[in-house]
Each structure stands twice: as structure tokens, then as C-alpha cells.
1. For the range 110-129, check the following and say yes or no: at least one residue is over 18 Å from Ile151 (Cα atoms) and assigned to a loop (DSSP other than H, G, I, E, B).
2. Scan the range 61-87 residue by residue and report those that are surrounded by 15 or more Cβ atoms within 10 Å (Cβ to Cβ) and among the β-branched types (Val, Ile, Thr).
3. Which condition does Met93 not pass, out of (1) crowded, with 20+ Cβ neighbours inside 10 Å; (2) of a type outside the set (D, E, K, R); (3) farther than 27 Å from Asp45 by Cα, if it passes all the others?
4. If Gly144 satisfies all but one of (1) farther than 13 Å from Val70 by Cα; (2) in contact with a Ser or Thr (Cβ under 6 Å, 6 or more places away or on another chain), what's the number of the condition it fails?
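Each value in this text was obtained by applying a stated rule to the coordinates, not by laboratory testing. Keep in mind it's a predicted model, so treat the numbers as computed, not measured. Methodologically, a virtual Cβ is constructed for each residue, glycine included, from the backbone with ideal geometry; neighbour enumeration extends over all protein chains shown.
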Amino acid sequence: MTAFTTTVPQLLRRLALLLVGTVLCFGLTACGDGKAKAPTLSADDIAIIERQAEGFLAARDRLPELATLVNQKDWTFTRNLIHGPMQEVSREMLYINQHLLPADRAEATERADNLKTALAQLDEAAVQQDGDKLRKAYIKVASGFGLYAQILPEQVQADLKQA
């Protein structure tokens, strides 16, 4: 009989713990609104992204000027534009990427790398004075600017009137 009496209290204790656990689970669920909040950017992150995006977008706005230089096969001024006004694009994208949501960073980094590669190819084509490579590289640069601009958060696009 002692074996039976020692297992009943153990069973009751286990049952009580199970009931307490169940009540806690339902109680905690009832306290919440049941919806997980999506991660959002802080106001500081938005401000930093906007500040860097202004420089990025200013460089993007110079694409028509770059297209003219490419069409004229103006090797020197093409390189001057890349190494002058467009030089800071890499740094700006780096800072933007650091302040994006973690889920968006990998895609942003890939797009930034593609744009930097395209700019390097454009520069190399100008050094080689190869008109065909220059034209193809320009298309990649223009596409790269467009693709990277899409990664900017909606609020930043709206604030900078890019949407």
C-alpha cells in the first residue's frame, strides 16, 4: 500500500503543475492582443537613412549627365564624374545598409555590391576607351541605381518624394 500512496501524491503534483502551466499559457495569451508586431525602424535610423539617401539620390540624378558623356565617348569626364560626384555612393549605401531592418540588409548589400561593381566596370571601360563596354557598363550602373533605390524604406521614399 505504501507504493500506491507514494505515487498518488506524485501524480497529483504533476497534474497540478500541468494545470498551472496550462492556465499560465492561456492567461498570457489572453493578455496580449494576439498579433506579433512587425519590426520597425527607429526615428534615428530613418533620419540617418534619409541623410545618406539624399547623397545617393543626388548621384542618381546625375545619370543623364553620365549618359551624355558615355554617348559622346568622353573618357576623361566620364571618369571624373565617377570619381567625383559619384564617389561617395559606396559609403552612403554602406551607412544605409547598417540602419535597415536586419531582414533587409542582405538584399541591400547585394544590390550595393552590384552597383559598385558596375561603377568599377564603367571606370575600367573608360580607361580602356572601349565604347561598347562603356555603353553596357552604363546600363548596369543605371539599373543598379534603380534597384538600390527600391530598397529604401517606404517612409524614406515618401519623405524624399521618391515613391
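1. Yes, the range 110-129 has at least one match.
2. Val70, Thr78, Ile82
3. (3)
4. (2)
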